[in-house]
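I have placed the structure first, in the form of structure tokens, so that the comments after it can refer back to it.
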Amino acid sequence: MSPKEEMSPLLLPITAAESPVTKLPSKASPSAKQPHSLLGIACVAASAVCFSVMSTFVKYDTSAMTSVEAVFWRSFIACILNYGVILYRGQSLYVKPEDRKTMLYRVISGFASIAFQFYAISQMVLADASVIIFTSPVITFFLGACLLHEHIDLPSFLCAITSFAGLVCVVRPGFLFGYNHDTAATDGSWIAVGSGLLGAVGQAFVYIYVRKLRHLHVQVIIHHFMFFSIIVSLLYIALFQRRFVIPSDITMWTAVIGSGVFTFIGQTFLTKGFQLEKAGIASVMRYLDVVCVFVWDAVFLHERINHWSAVGAAIICVCAAIIALRKSNA
């Protein structure tokens, strides 16, 4: 879900070097093989499809377990797969002292983001929760202006304001849309909506920290994030929940394992894609996730999607895409 996640990261191509020591840039030979110009976009698009499938599995998981348990299972499966790749490559998990604080911020913001996102997914129609989570580029725009004093241009500001109209279409407050419309029974509570927005904020910070850790290998970043999520989710379950659901049938096991597998594949594609492609273009490609979620939600989960959600999704995606592209071209 999560989180992502959140959000203008991206980066320069990284090497597959396994040494923890950063190498000085060397002059590339004319024969050196360069990544295909569309490889970054393809990676981000593939990650969007994977994450949409993961979200669908999580929605099914949370029908029988809590969102924190879903975070644990997703992280546990993905961590095993990721660690297998690390062992195969002989990759070092060492993080230099000067990168450890940034890595800590990345794993904390990542866990918070995915925990809030999964709660929103468990309490709302999947399509609605996904659209709210994908307001993260707009939130990043305002955070950058308020905290980093980044320049605000008028077109981007107008898009950011307009995107909130899209958010209203998805949230559908009763005083505007009434309390007895067709999907009133499945509309999320304000707590669920707030959780989705907090997940979007966390996702924005995740992308910022991934950008700062661009010189680390993809699998190293993913490993530390997944391992941290396993530990914290287990602590929460032991201290507050005090019950743990183990899948009892093949369908639930398929959903649990699937959430981890598609998380691993999606995280790998996303991190690599953002390292190869410009932030703005890569961020726009992530909105393929929203399109896929609407399809999976209707076809496999059979949830009734309010037509206003589709309108809101279109408004938010278009506005966020414009902001991302203008930022990348600034």
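The values are calculated or read from the model by the stated rules, or taken from the named source; none is laboratory data. Given the structure is predicted, the values throughout are model-derived calculations rather than measurements. All Cβ positions, even for glycine, are placed from backbone atoms using ideal geometry, and neighbour counts span all protein chains on display.
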### Message
It is to be established whether one or more residues within the range 79-89 are among the small types (Gly, Ala, Ser), more than 27 Å from Ala192 (Cα to Cα) and assigned to a helix (DSSP H, G or I).
### Response
yes
### Task
Check whether at least one residue in the range 228-251 is buried (at least 17 other Cβ atoms within 10 Å of the Cβ), of a type outside the set (A, V, I, L, M, F, W, C) and in contact with a Pro (Cβ under 6 Å, 6 or more places away or on another chain), and report yes or no.
no
## Note on the structure
The condition from (1) within 20 Å of Val44 (Cβ to Cβ); (2) surrounded by 19 or more Cβ atoms within 10 Å (Cβ to Cβ) that Gly258 misses is numbered (1)
### Task
Among residues belonging to the range 283-315 that are of a type in the set (A, V, I, L, M, F, W, C) and within 16 Å of the chain's Cα centre (by Cα), point out the one that is surrounded by the fewest Cβ atoms within 10 Å (Cβ to Cβ).
Val291
### Message
Whether any residue in the range 82-101 is touching a Phe, Trp or Tyr at 6+ places or on another chain (Cβ under 6 Å) and either modelled with pLDDT of 95 or more or under 17 Å from Thr271 (Cα atoms) (or both) is what I want to check.
### Response
yes
### Message
I'd like the full set of residues that are of a type in the set (Val, Ile, Thr) and at pLDDT below 85, limited to the range 163-177.
### Response
Val171
### Query
Any residue in the range 243-256 that is within 15 Å of the chain's Cα centre (by Cα) and farther than 22 Å from Met103 by Cα?
no
### Query
Looking only at the range 208-225, which residues are more than 12 Å from Met103 (Cα to Cα) and in a helix (DSSP H, G or I)?
Val218, Gln219
### Task
Filter the range 254-313 for residues that are touching a helix residue (DSSP H, G or I) at 6+ places or on another chain (Cβ under 7 Å), part of a loop (DSSP other than H, G, I, E, B) and under 19 Å from Val125 (Cα atoms) and give the result.
Tyr287, Glu303, Arg304, Ile305
#### Entry: Hits in the range 102-151 - residues which are in a helix (DSSP H, G or I), of a type in the set (Val, Ile, Thr) and either buried (at least 24 other Cβ atoms within 10 Å of the Cβ) or modelled with pLDDT of 95 or more (or both)
Val107, Ile108, Ile114, Ile121, Val131, Ile132, Ile133, Val138, Thr140
### Summary
Scanning the range 178-214 for residues that are among the small types (Gly, Ala, Ser) and at pLDDT below 90, the one farthest from Met124 (Cα to Cα) turns out to be Ala204
